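Here the structure comes first, spelled out in structure tokens, and everything after it is commentary.
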Amino acid sequence: MAGKQDRQRKLARERYERRQAREANRQRRARRTAQWASGAVVLLVLAGIVAFTVAHLTSSNASASSKLTPSASPSPASSGTPTTCTYTPSPPASRNVGLPPAKPDLKATYQATIKTNRGDIVINLLNSKAPCTVNSFVHLASKSYFSNTNCHRLVTSGIFVLQCGDPTGSGSGGPGYRFADENLAGATYPAASVAMANAGPGTNGSQFFLVYKNTKLPPNYTPFGTIVAGLNVIQKVAAAGTDSKTGDGHPKEKVVIESVTIKKT
């Protein structure tokens, strides 16, 4: 029996990773298309600049000169945590909320309350361990990005998670930007963990998952919170099952995030 359960867990993990790989490919194709379009616009703009420069060229090189400043990389603090965060545009955005501030508040303590139609889920955010992830989550909550969205995915076989954070409900939506992974060294996913879903390294956006039962996953998903109240809400939803025979589908009991509020201390 134990061997059969191990095989089932292995198959579930493999299905999860294949699905994430397919999403990574889809996002790469979308980024290539966006890059091609933006490249065409850049070429047109450059052509206009060249024409203007030729028509208005003077003997003063200074009048035609410009300075390009490279974007700054995250600068590490003495503690090893970043003092600035890089959020890279990655259209399209499911909801237009702009980019989070580049500088996280490293001294703050945050607690998030996810109000759902099934009950409240309270999460202590791990700001000291994943400041750029928490900074993004707080930004999205402040813009009501998560309000009136469905938790679109429940996995009840092999791994045990409820996935949320996509306003489209399709599993492919995001905030229009991506950012790097954090807090992966030795990462584990026991019950009550909250971590970022992704489509590969450095593709974090807005989707996250709530672990309702100890789960074995590779340390590829940024842990950024711990559920301190409301774990039973998710466990009840999980007990009702999914609409898929594989145990990886939409929750039979629909979960709607009505709002996410942040308490900062």
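The values are calculated or read from the model by the stated rules, or taken from the named source; none is laboratory data. Values in this document were obtained by computation on a predicted structure and should not be read as measured data. Ideal geometry is used to build each Cβ from the backbone, glycine not excepted, and the neighbour counts take in all protein chains shown. Ligands, DNA and RNA are excluded from the accessible area calculation, which covers all protein heavy atoms including side chains. Shrake-Rupley method; radii C 1.70, N 1.55, O 1.52, S 1.80 Å.
Find out how many positive minus negative residues lie around ASN148, taking Lys and Arg as positive, Asp and Glu as negative, among other residues whose Cβ is under 12 Å from that of ASN148.
+1
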Query raised in the report: Can you list residues whose amide H is under 5 Å from THR215's amide H, if they're 5+ apart or on another chain and H is modeled 1.01 Å from N?
Result: TYR189, ALA191
Query raised in the report: Using a 1.4 angstrom probe with every protein chain in place, what is the largest-first accessible-area order of THR133, THR188?
Result: THR188, THR133
Report task. Mind jotting down the distance between the C-alpha centroids of segment 152-197 and segment 100-134, whole Å? Result -> 14
Query raised in the report: How many percent of the accessible area of segment 131-259 is carbon or sulfur, using a 1.4 Å probe?
Result: 51
Query raised in the report: Going out from 0 in 10 Å bins, what whole percent of all Cα-Cα distances in segment 212-265 drops into each bin?
Result: 17, 41, 36, 5, 0
Report summary line: For THR242, other-chain or 5+-apart residues with amide H closer than 5 Å (H placed, Pro excluded) are LYS252
Query raised in the report: Which of the chymotrypsin sites (Phe, Trp or Tyr not before Pro) found in segment 198-265 are loop residues per DSSP with 16 or fewer other Cβ atoms within 10 Å of their Cβ?
Result: none
**Report entry** Rounded to whole Hz, the Karplus (6.51, -1.76, 1.60) HN-Hα couplings of segment 99-106, x for glycine and proline
**Finding:** 9, x, x, 6, 9, x, 8, 6
Query raised in the report: Let a ≥ b ≥ c be the square roots of the eigenvalues of the Cα gyration tensor of segment 124-265; is it rounded (a/c under 1.5), or, if not, prolate (a/b larger than b/c) or oblate?
Result: rounded
Query - Residues of type aspartates and glutamates that LYS213 reaches as a straight line, Cα spacing below 17 Å, ignoring anything fewer than 8 places off in the same chain - result: ASP6, ASP248
